[in-house]
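Everything below concerns the one structure shown next.
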Amino acid sequence: MITTGQPRTHVGQRLLHFLLPLLLCIATPALAQEENALAEQTRAVAQASLMQRDDAIDALAQVAHPRVPIVLTALLEGNLYSDDEDESRILIERPDGSLENALTGASLDAAIDTKRIPVTTRMRTQIRNILARLNLDSEDTQTRYEAVQRMIKEGIDENNIELLQARSDIEETRLVNETIETALSLYDLKSDNERVRLSAIQSLRGSLVGEARNELRRLRDDDPAPAVQEAAGEALASIQTKLEFYQFVESIFFGLSLGSVLLLAAIGLAITFGVMGVINMAHGELMMIGAYTTWVIQQLFPGQIAWSLAMAVPAAFLVAGLVGIAIERGVIRFLYGRPLETLLATFGISLILQQAARTIFSPLNRSVTLPDWMSGSMVINPALSLTYNRLYILAFGLIVFFMLMAILKRTSLGLKVRAVSQNRPMARAVGVRASWVDAMTFGLGSGIAGLAGVALTQIDNISPNLGQNYIIDSFMVVVFGGVGNLWGTLVGAMGLGVLNKFMEPWAGAVLAKVLVLVMLILFIQKRPKGLFPQKGRAAE
């Protein structure tokens, strides 16, 4: 086939080659003008006297250049300098002590004699307000929310009111809008008009901002109008009710996050203890092995924090699982049917593994760097925020639980495990290699303990004694939920986690654990087989 004309791609390329210089010609003067304004106003701030620096800072804030917030932040933190030899050159000191050009961000390697540009307390307040105004127009929701919060803490004035009202008309995020409404109402509380104050109090009835509660207490105690005092008291009571509700929700979240850790720690123990009848006192050290595996992988890939964590999950499972199989093949298989001797043997193994960790990694605590996507919190409102690391651990624990359930229900290994747990002699009679099933089951439980170690590195330091903090709790979960019942382990872990967190505020962390243990002992007296006892042949 013969084609005529040029392909469309060539036409597009020609058009782009024609338009690009034109666009650059149009944009270059504007960019140059902004850069010149930035340079001029930054030098004016550096060279102005303390009496004139306020005006210079305001003029710098009017420059539409992305480096303006960086320069103002450096000035606020005392990291803005001028060159002793060339006062027109302005420098910023970085956290590591190196210097950069304030106007371009370029690094400066040579040693330079510098002079700090001082600011007064009044200027710091001025800069904070300016930065808040600049951040109010940011595209990032969290930045806008923090900007309004900063305005509230610094105090709302006439200039802030105009900015907030303008932002309120275009703001689409509910959290930011509610915070802006709170700021506007706080400003109205200072009005001399009683009706305006009453209207502001009414709008603050559901506010969870701390400054709102402080202002309402002031009006309740000091306002000359009785109606305002009464309305402020009612608003405080309404806010207190909401605070108690969100504290309840937060306690449940922290309880579930603790429960997810207990679930990961106990689910492997539930398999070995429930299926094999082995009291494994070295289970905590298998978690410690998973934690150290995570740390080692992060040391091997220091620049890939997120990828190293992803690689640590299968690696910790394999390493801990292989160690578990070695323990079962080397020691435990000779002690089946003798639980007391198994307990003593695994306790000795736990001491050996702890000392090995001290020898290899030293007794010092190690820590794993959190990936960016696990850092920080999800802010629901000023009274409730959920940390990302615990959210991910909760999700991770549930994923591991349901994957284990699928393995036990849908695979050949799971069928054999259930057969051996229900009737070992009959399983052997139909050709199931019970010794192989025991080794694989112990390895599976040990591998899941390694996954628990990966999760623990995100909320705790790594040490040779890491597993000892969770081994008792793991046995409590297994016994409470019902030996050998995975659903019971899930309910037991979440229940004990929530119960512990609700008791901690008034009993303390240590006493809360003691009380939980006492209640568990009393519960076992009534239901020796736990919440969900096994039925049929498995109960035997």
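The values are calculated or read from the model by the stated rules, or taken from the named source; none is laboratory data. Worth saying up front: this structure is predicted, and the values here are computed from it rather than measured. Neighbour counts are summed over all protein chains in view; Cβ atoms, including those assigned to glycine, are modelled from backbone coordinates with ideal geometry. For the accessible areas, the whole protein counts, side chains as well, though only heavy atoms, and no ligand, DNA or RNA atoms are used. Shrake-Rupley method; radii C 1.70, N 1.55, O 1.52, S 1.80 Å.
General observations
- Calculated P(r) of the chain - Cα pairs past 31 Å, %: 65 percent
- Shape call, the stretch 98-211: gyration tensor on alpha carbons, a/c limit 1.5: prolate
- In terms of the mean number of neighbouring beta-carbon atoms within 10 Å, the peptides 148-159, 250-261, 375-386 order highest first as 250-261, 148-159, 375-386.
- Here the accessible area of the chain is 58 percent carbon and sulfur, with a 1.4 angstrom probe and all protein chains present.
- Ordered from largest to smallest accessible area (heavy atoms of protein chains, 1.4 Å probe), the residues T359, T141, T369, T182 come out as T359, T369, T141, T182.
- With Cα atoms, 0 to 90° folded angle of helix 339-361 axis to the chain main axis: 40 degrees
- Sequence of I459, I57 from largest to smallest accessible area, 1.4 Å probe: I459, I57
- Euclidean distance of C-alpha centroids, the stretch 237-310 and the stretch 81-158, integer Å: 40 Å
- Which of M123, M440, M403 is most accessible, then next, and so on - probe 1.4 Å: M403, M440, M123
- Cα long-axis angle, helix 8-47 against the chain (0 to 90 degrees, to the nearest 10): 70 degrees
- Heavy-atom accessible surface of the chain, averaged per residue, reaches 53 Å², computed with a 1.4 Å probe.
- Pairwise label distance in nanometres, D96 with A395, each label 7 Å out on the Cα-Cβ vector: 3.2 nm
- Cα shape, the stretch 160-229, gyration tensor, a/c 1.5 rule: prolate
- Cα gyration tensor shape of the stretch 440-540, rounded if a/c is under 1.5, else prolate or oblate by comparing a/b with b/c: oblate
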